[in-house]
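Undergrad: One structure, as structure tokens, below. Some questions next.
Rule-based calculations on the coordinates, nothing more; no lab input. Computed from a predicted model, the values in this text were never measured in an experiment.
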Amino acid sequence: MFEHSTKIRTRYSEVDRMGYVYYGNYATYFEVGRVEAMRALGINYVELEESGIMMPVIRYEITYKKPAFYDEELTIVTRIKEEPRSRITFEYETWNVKGELLNTALTQLVFVDSKTMKPQCAPDVIMDAAKKYLG
């Protein structure tokens, strides 16, 4: 299993009238966590796209447990538990500084050839990075 943590501080523009971080903002937080996790694996999204590989999200699930509030520092824990094939699944947890679990989530992305827009197998750079952690 590969695991990476990213810190995010909530901004005023992300809070709704109740003072909670608006639920839709978590997708953006998870994207930050996913990009930073990939970077920690030595994979750069820009280089991946320049090589002709796109990674659209095909599945997104989230379970909310507690709200986050304005100006809170959150930790987004991003995990990859399975070897990628034509798809890669990222699992997330959001924690506050009190150590409270705020939500759990999952995104699944598919590897797509940018010219044909057809699914393809995970590129070697992803497979090589995954093998270090997933055996």
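Undergrad: Rounded to whole Å and sorted largest first, what semi-axes of the equivalent ellipsoid does the C-alpha gyration tensor of the chain yield via the square root of 5 times each eigenvalue?
TA: Rounded to whole Å, the semi-axes are 29, 16, 12.
Undergrad: Further, regarding this structure: Quick one: length gained pulling residue 16 to residue 118 fully straight, 0.36 nm per residue minus the C-alpha distance?
TA: Stretched fully, the residue 16-residue 118 segment lengthens by 32.9 nm.
Undergrad: Extension gain residue 45-residue 60, at 0.36 nm per residue separation less the Cα-Cα distance, in nm?
TA: Gain on stretching residue 45 to residue 60: 3.5 nm.
Undergrad: Treating the angle as unsigned and between 0 and 90°, give the value, to the nearest 10°, between the Cα long axis of helix 124-134 and the longest Cα principal axis of the chain.
TA: 60 degrees
Undergrad: Continuing with the same structure: Taking the 0 to 90 degree range and rounding to the nearest ten, how far is the long axis of helix 25-40 tilted relative to the main principal axis of the chain, both from C-alpha atoms?
TA: With rounding to tens, the tilt is 50 degrees.
Undergrad: Would you mind checking the pairs 66/131; 65/132; 65/118; 7/131; 7/66 and listing those with alpha carbons more than 28 angstrom apart?
TA: Too far apart for the 28 Å limit: 66/131; 65/132; 65/118.
Undergrad: Now for a separate question. What number, in percent, do you get for the relative contact order of the chain if the mean sequence gap of Cα pairs under 8 Å and at least 6 apart is divided by its residue count?
TA: RCO, the chain: 29 percent.
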